1. Any chance you could count how many residues in region 238-263 are touching a helix residue (DSSP H, G or I) at 6+ places or on another chain (Cβ under 9 Å) and either polar (S, T, N, Q) or near the ligand (Cβ under 9 Å from one of its atoms) (or both)?
2. Scan region 312-329 and give yes if some residue there is within 16 Å of the ligand (Cβ to nearest atom) and either closer than 26 Å to ARG226 by Cβ or buried (at least 19 other Cβ atoms within 10 Å of the Cβ) (or both), otherwise no.
3. I'd like to verify a number: residues in region 174-190 that are more than 10 Å from the ligand (Cβ to nearest atom) and touching a residue at least 60 places away in the same chain (Cβ under 8 Å), how many?
4. What residue, of ALA170, ALA196, ALA145, is at pLDDT below 95 and either more than 17 Å from ILE255 (Cα to Cα) or in contact with a helix residue (DSSP H, G or I) (Cβ under 7 Å, 6 or more places away or on another chain) (or both)?
5. Restricting attention to region 216-272, which residues are of a type in the set (Ser, Thr, Tyr) and over 15 Å from PHE298 (Cβ atoms)?
6. Go through region 202-237 and give me each residue that's part of a loop (DSSP other than H, G, I, E, B), within 16 Å of the ligand (Cβ to nearest atom) and among the hydrophobic types (A, V, I, L, M, F, W, C).
7. Restricting the first residue to region 272-300 and requiring it to be within 16 Å of the ligand (Cβ to nearest atom), which pairs with a second residue that is acidic (Asp, Glu) and outside any strand (DSSP E or B) meet a Cβ separation below 7 Å and a spacing of at least six or different chains?
8. What single numbered condition from (1) in the same structural domain as VAL61 (by TED's automatic domain parsing); (2) without any contact (Cβ under 8 Å) to a residue 40 or more places away in the chain fails to hold for ALA202?
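The values are calculated or read from the model by the stated rules, or taken from the named source; none is laboratory data. Because the structure is predicted, anything quoted here is derived from the model rather than measured. Glycine also receives a Cβ, built like all others from the backbone with ideal geometry; neighbour counts cover every protein chain displayed.
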Amino acid sequence: MLNIRVEKTTAPKVKPDYKKLGFGNYFTDHMFLMDYSVEAGWHDPRIVPYGPIALDPSAMVFHYAQELFEGMKAYRRADGGVQLFRPWKNIERMNNTCDRLCVPEIPAEDVLQAIKAVVQTDEDWVPYDEGTSLYIRPFIIATDAHLGVHPSHTYLFAIILSPVGSYYEAGINPVKIYVEREYVRCVKGGTGRVKAGGNYAASLIGQKRAEEMGYAQVLWLDGIYRKYIDEVGAMNVFFVIDGTVVTPELTDGNILPGVTRASCVELLQKWGIPVEERKLSIDEVIAANENGTLDEAFGTGTAAVISPIGELFDEGKHMIINNNEIGPIAQRLYDAITGMQWGKKPDDMGWIEKID
Ligand SMILES: *Cc1c(COP(=O)(O)O)cnc(C)c1O
């Protein structure tokens, strides 16, 4: 149990227009902070007014990227309450990331307590409009003022909150994806399986080029054989081939274990729809597209939940999937997951954690 000190702002902000939120543009009135030192462990948990953090220019995070983050949401229920979706999965993943990056772990129940406390403090920022939510961004940075290369001895854990708009204002539109053959996102033994900010820095160049060419995201292939599918942009990826749902297996450590990915797999299993976690090569997807058995493709992640893929572009070839429309499995998963998240459907999986 954390003993969280609360310092409320004396100057609450004017709330943004909830119809025009977009993603990550606005931040709430408060943030959660907690420090780490070797002597005191994780200490001084506090909720304070949202604002700049002062750091020494030599703070290790600026030089060697010892940083990690999480991403989850608080949802306004139909009955006016507020709830989280599978927060324990995010917290477990955060601690796995800590372990990989030599950052001291934080007890899971303390992290959940901190998330709940800061969301409760800014509860009036959880938007009511259809499809909107309060994005929760916990992160940890290495703060030692020192340029030697070794794990930091001091850290800052922070949680900031951002009201975000509906991902699909104009309905669910399938996206065009560029198959990246030159750059890779990660390799076996690297940090692909954890949520490290450095992974994103490494992926920007591929993403930028794809966007310049008119594609929404990159399809990443594995870094060794350059043929097995890893992920799409910052989402996990699913293909429906001849009625079977296939998603890349997590075993090689190249793939971020998405909470949405796990939820899709568990729902498909419950519905009795065949689902396989295995290696899947780009050649198999191309062949399935050519012989007419590639029924659907979609990405999964907290931001969009399900993002159907309407077109894959690879080495001069344009592959249109499901007539550039959302497929029945993608739609069913989207409706089931968002139904639970916004409290419109009963939580028959035990995935909801109510805050209020
Ligand atoms: C966060 C993330 C995902 C999606 O995970 P969710 O828990 O479903 O939001 C997928 N891939 C990468 C690289 C990510 O960083």
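1. Initially, region 238-263 is screened for residues touching a helix residue (DSSP H, G or I) at 6+ places or on another chain (Cβ under 9 Å), giving 238-242, 245-247, 250, 255-260, 262-263.
If we keep only those that are either polar (S, T, N, Q) or near the ligand (Cβ under 9 Å from one of its atoms) (or both) as well, we get 247, 255-260, 262-263.
Count: 9.
2. Filtering region 312-329 down to residues within 16 Å of the ligand (Cβ to nearest atom) leaves none.
No, region 312-329 contains no residue that is within 16 Å of the ligand (Cβ to nearest atom) and either closer than 26 Å to ARG226 by Cβ or buried (at least 19 other Cβ atoms within 10 Å of the Cβ) (or both).
3. First, the residues of region 174-190 that are more than 10 Å from the ligand (Cβ to nearest atom): 174-184, 187-190.
Next, from what is left, pick out any that are touching a residue at least 60 places away in the same chain (Cβ under 8 Å): 174-179, 181, 187-190.
Of the residues in region 174-190, 11 are more than 10 Å from the ligand (Cβ to nearest atom) and touching a residue at least 60 places away in the same chain (Cβ under 8 Å).
4. ALA170
5. Initial filter on region 216-272 (of a type in the set (Ser, Thr, Tyr)): 225, 228, 244, 247, 251, 260, 263.
Once the filter is applied, which keeps residues that are of a type in the set (Ser, Thr, Tyr) and over 15 Å from PHE298 (Cβ atoms), region 216-272 yields TYR225, TYR228, THR251.
6. ALA216, ALA234 - these are the residues of region 202-237 that are part of a loop (DSSP other than H, G, I, E, B), within 16 Å of the ligand (Cβ to nearest atom) and among the hydrophobic types (A, V, I, L, M, F, W, C).
7. GLU277/GLU249
8. ALA202 satisfies every listed condition except (1).
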